[in-house]
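Participant: What follows is a single structure, and I will ask about it in a moment.
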Amino acid sequence: MTLVRDGRIIATVKVEKKPKGLEEPKAQRRLGAWEHLKLDLPDDLFIRPDPEIEALMDAPIIPRT
């Protein structure tokens, strides 16, 4: 492929494809990969409301001086 600006060649791009079978396999996610850390996290840690954000939502947009 050739990139052209104002009729002049500014770059040539060559794409080399790897032969089939040489592509690296994608790694599979492993369940329980962090179990060895023995973290005691509540199940709703990432889905429950954040009290700091809720307090900011109830605060006025323009601070009073």
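Throughout, read-outs are computed from the coordinates displayed, never taken from laboratory work. For clarity, every value in this text was computed on a predicted model and none was experimentally measured. For neighbour counting, all protein chains shown are included, and Cβ atoms are generated from backbone atoms with ideal geometry for every residue, glycine included.
Participant: Mind telling me which of K38, K14, K26 comes out most flexible in a GNM of the chain, alpha-carbon contacts under 10 Å?
Facilitator: Answer for the Gaussian network model of the chain: K14.
Participant: What is the gain in length, in nm to one decimal, between I47 and E16 on full extension, counting 0.36 nm per residue of separation less the C-alpha to C-alpha distance? List each step's numbers first, then the result.
Facilitator: Numbers: separation 31, 0.36 × 31 = 11.16 nm, distance 4.50 nm.
Additional length available on full extension: 6.7 nm.
Participant: Work out from phi, with θ = phi - 60° and the Karplus expression 6.51 cos²θ - 1.76 cosθ + 1.60, the ³J(HN,Hα) of each residue of the range 51-65, listed in order in whole Hz, and give x for Gly and Pro.
Facilitator: x, 5, 5, 4, 5, 5, 5, 7, 6, x, 5, 9, x, 7, 9
Participant: Can you tally the net charge around P51? Count Lys and Arg as +1, Asp and Glu as -1, for every other residue whose Cβ sits under 15 Å from the Cβ of P51.
Facilitator: On the way: positive: R48; negative: D44, D50, E52, E54, D58.
Neighbourhood net charge equals -4.
Participant: Quote to one decimal, in nm, the extra length available between A33 and M1 on full extension: 0.36 nm per residue of separation minus the C-alpha distance between them. Before the final figure, lay out the partial values.
Facilitator: Numbers: separation 32, 0.36 × 32 = 11.52 nm, distance 4.40 nm.
Between A33 and M1, full extension yields 7.1 nm more.
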